[in-house]
Protein chains: 2
Amino acid sequence: MERPAANGSRQSRVISEMRQRIITGAAASGALLSEVALAEEFGVSRTPVREALKQLQTEGLVEIRPRVGTFVAAPSRRDLTELFEMKELLEGAAARLLAQRGRVREVELLEENVHQGDLAVRADDRARYAELVQEFHDLLIVGADNTKLEAHYRTLMNQLAYSRLVHTSLGQPGRALQSEREHHVVLELVLAKDGDSAERVMREHVRASRRALLAGLEPGL
Amino acid sequence: MERPAANGSRQSRVISEMRQRIITGAAASGALLSEVALAEEFGVSRTPVREALKQLQTEGLVEIRPRVGTFVAAPSRRDLTELFEMKELLEGAAARLLAQRGRVREVELLEENVHQGDLAVRADDRARYAELVQEFHDLLIVGADNTKLEAHYRTLMNQLAYSRLVHTSLGQPGRALQSEREHHVVLELVLAKDGDSAERVMREHVRASRRALLAGLEPGL
DNA sequence: GTACGGTCTGTTGCATACATGAAACGAGAG
DNA sequence: CTCTCGTTTCATGTATGCAACAGACCGTAC
């Protein structure tokens, strides 16, 4: 193979590309991921592809049925419930931890985020607000300053394909305004360093967003 | 969307054996895990060994330095703090969820466990009590009836190599008795279906056990 | 003694060939 | 038509060879 050697590990490129494809939905749920097909597509041999799939399996994004094939994971209804339960748990804990840390950089970014959120809601700019919602939750997690928590959280969100779901949730009438109000309360409690309440309210916020999501999803499910 | 399929392939044997070796400490922290050495030892080729190591990496048990080698992960002080933070969080949530479920099978097993624990403490049988402590925490997690929570929890405990640590913790004078008392309270709150309090007390219990552990590890800290 | 540079060894990264099992398929019997 | 069972096909599972890179080692110049 006189291929002008790709710089950097080929496998890592394969992994991130595959992951992105699954999260964004470019690879349909339940679809077969053939090793040879992927290998040809990425211009590498089966070996790095196999290792990438293996990693995606432990991340819960694909299911490997031995001797049969690798398939894009299809979360069941129960999986969704469990994932949201975990989301509630981790984000609640993050709110508490952040509150305990005091006025760190992430808190200031949250203030700016909430400010921008107000503007987006007032302007009824749903796409912009969806972005800000994601940033809000992300800041909370990062601000908790616990790399394990962050890692597990990201794994969960990937399984949820949350970046797609958030739009559905915000599509419910009045949800954006309500969501933004809840963000306000969480931020205030973080600023007041009231970890207990911040955690409680954050959990309620997650439950509310889940309800809105399921309400928007129900027809199709 | 299930966790690692328990098939009978050689690779799964390699993985579980390696994992066990790391968790139990048979493979020293920081030690180099040579692919060829492991392959020869297990009587397989490098390929399944490589894939096993890859999986252990995403579980956080080994660190792969590209083109250099694979090493048994050595948790830093900060890692330990973060891991305990997560332990507190997950076990607390599990207590809450179990309390909400009512009188399920795991609750009955917990009652029996606490009863046995009383006997072990009274008899000053430390080894037996260490077993029971692990079972207690395990029942709690399983009883939460959330497979994601359980999976993440097990990953974390593997990283902590908790099965080794628990003995250190219980070695502190009076810790066993105190621990058993705390188990009692948690169980009572679960029986009373008081999820809020169960979570709170469980968190305190985890923090207390962490303090006992650190005191036993480094008397100076 | 120290700094420098080249070589050398050990390790992983990737490609490829072969082994093996699962599921689809189709011919034939009933 | 339907069921059975052997065959065929196609996917993954594993072994192995070669290449490339990191780091140790050693001789040499100063």
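When the helix-only estimate is applied to chain B (DSSP H runs of n ≥ 4, each -39,500 (n - 2.57), divided by the residue count), what is the mean residue ellipticity at 222 nm, nearest 500 deg cm²/dmol? My calculation for chain B gives -24000 deg cm²/dmol from helical runs alone. Placing one equal scatterer on every Cα of the stretch B:77-217 and applying the Debye formula, the log10 ratio I(q)/I(0) at q = 0.10, 0.14, 0.20, 0.22 Å⁻¹ is -0.29, -0.58, -1.24, -1.49. If I compute solvent accessible area with a 1.4 Å probe over the protein chains, what percent of it on the stretch A:73-221 is carbon and sulfur? Roughly 50 percent of what the probe reaches on the stretch A:73-221 is carbon or sulfur.
Counts of other chain beta carbons within 10 angstrom of each beta carbon in peptide A:145-158 average 4.
Pairs spanning more than 27 Å between alpha-carbon atoms, out of A:Lys148/B:Lys193; A:Lys193/B:Lys87; A:Lys193/B:Lys193: A:Lys148/B:Lys193; A:Lys193/B:Lys193. Stokes-Einstein diffusion of the stretch A:120-159 at 37 °C, 0.692 mPa s viscosity, Kirkwood radius from Cα pairs, rounded to a whole number: 294 µm²/s. The Cα trace of the stretch B:10-72 gives Rg and Dmax of 10.3, 27 Å, the first to one decimal, the second as a whole number.
Label-to-label distances for A:Arg154 across copies, nearest first, come out at 2.4 nm, using points 7 Å from Cα in the beta-carbon direction.
Find out how many positive minus negative residues lie around B:Glu111, taking Lys and Arg as positive, Asp and Glu as negative, among other residues whose Cβ is under 13 Å from that of B:Glu111. Its environment carries a net charge of -4. With Cβ to Cβ distances under 12 Å as the rule, what net charge do the other residues near B:Leu177 carry (K, R +1; D, E -1)? Result for the local shell: 0.
With 20 Å² as the minimum drop in accessible area between chain alone and full protein complex (1.4 Å probe), the qualifying residues in the stretch A:6-55 are A:Gln11, A:Arg50, A:Glu51, A:Lys54, A:Gln55. Counting only protein chain heavy atoms and rolling a 1.4 Å probe, the accessible areas of A:His167, B:His205 rank, largest first, as A:His167, B:His205. Positive-end ranking of A:Met202, A:Gly43, A:Leu97 along the dipole of the protein assembly as shown, with charges on Cβ about the Cα centre, is headed by A:Gly43. Annotation for the B:A interface, with buried accessible surface near 3100 Å², both sides summed [1.4 Å probe; non-protein components not counted]. Max-minus-min Cα coordinates of the stretch B:1-148 on each principal axis give 51, 38, 31 Å, with the largest extent listed first.
Rounded to the nearest 10 degrees, the inclination of helix B:105-122 to the longest alpha-carbon principal axis of chain B is 80 degrees. A label point on B:Gly171, set 7 Å along the Cα-to-Cβ line, lies at 5.9 nm from each of its counterparts in the other copies, closest listed first.
Principal-axis analysis of the Cα atoms of chain B puts helix B:147-160 at an angle of about 70° to the longest axis.
The residues neighbouring B:Glu17, those whose beta-carbon lies less than 11 Å from its own, together hold a net charge of +3 under the Lys/Arg +1, Asp/Glu -1 convention.
Kirkwood radius for the stretch B:61-112, taken over all pairs of different Cα atoms as the inverse mean of 1/r, rounds to 14.2 Å.
Both the radius of gyration and Dmax for the protein assembly as shown are 23.3, 73 Å, in that order, over alpha-carbon atoms. Label-point spacing for A:Arg103 across the identical copies (point 7 Å from Cα in the Cβ direction), in nm and ascending order: 5.4. Look at the alpha carbon pairs under 8 Å that are at least 6 residues apart: their mean separation over the length of chain A gives a relative contact order of 24 percent. Sparse packing (at most 14 other Cβ atoms within 10 Å of the Cβ) combined with a DSSP loop state is found for the following trypsin sites (Lys or Arg not before Pro) in the stretch B:47-140: B:Arg67, B:Arg103. So how tilted is helix B:195-217 from the main axis of chain B? Cα-based, degrees 0 to 90, rounded to 10. Between helix and principal axis, roughly 60 degrees.
The values are calculated or read from the model by the stated rules, or taken from the named source; none is laboratory data. On a predicted model such as this, the values are computed, not experimentally measured, just so you know. No Cβ is skipped: glycine too gets one built from the backbone with ideal geometry, and neighbour counts run over all protein chains shown. For the accessible areas, the whole protein counts, side chains as well, though only heavy atoms, and no ligand, DNA or RNA atoms are used. Shrake-Rupley method; radii C 1.70, N 1.55, O 1.52, S 1.80 Å.
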